[in-house]
């Protein structure tokens, strides 16, 4: 497998967002390895009202204004971390949200990482405390938990040994282009991409 270099992320954001479908996220942490295939992404661009960088630089989004190829991680709704990849040229302020991934390797580690949050949610809802494989990573908050993504990943180099994205040379399959979800502005922009018929996609 070939690690994607910085030049990949420094292309136009919509191109990167689409081209990430089918690529593999690799996390090496605490002696364990996790591999997951990206199956759903969303673009957030410079003049996009839903983009965190739309109104300028803040302490939270500062990394977005650097060159593409670094992780932008933030805490959402006081509940979970979300994983984004900074894209484009330095000074622009754009990123790709990773919305869903398909587990490939390290399933036991993913379940362990997800267990505290999952157990808390299932206790409230009265469901069995068993994590189905499909529930591990079929959403942005879930995948961040499963991969062990926390504040410590903010600004991490996406070409590092610990955390990177690779291509195995395989074709991704048919990619669907549609509108984003879970936002109140820019809802009509066709900035979401997902792998057709993949069960881990958060919403078809």
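No lab work stands behind these numbers, since they all come straight from the coordinates. Predicted model only: the values in this text are computed from it and were never measured.
Which residue, 189, 20, 158, tops the fluctuation ranking in a GNM of the chain built on C-alpha contacts under 10 Å? Of the options given, 189 has the highest mean-square fluctuation. With an a/c value of 1.5 or above and a/b not larger than b/c for the gyration tensor axes a ≥ b ≥ c computed over the alpha-carbon atoms, the stretch 13-65 is described as oblate.
The alpha carbon centroids of the stretch 1-40 and the stretch 50-122 are separated by 13 Å.
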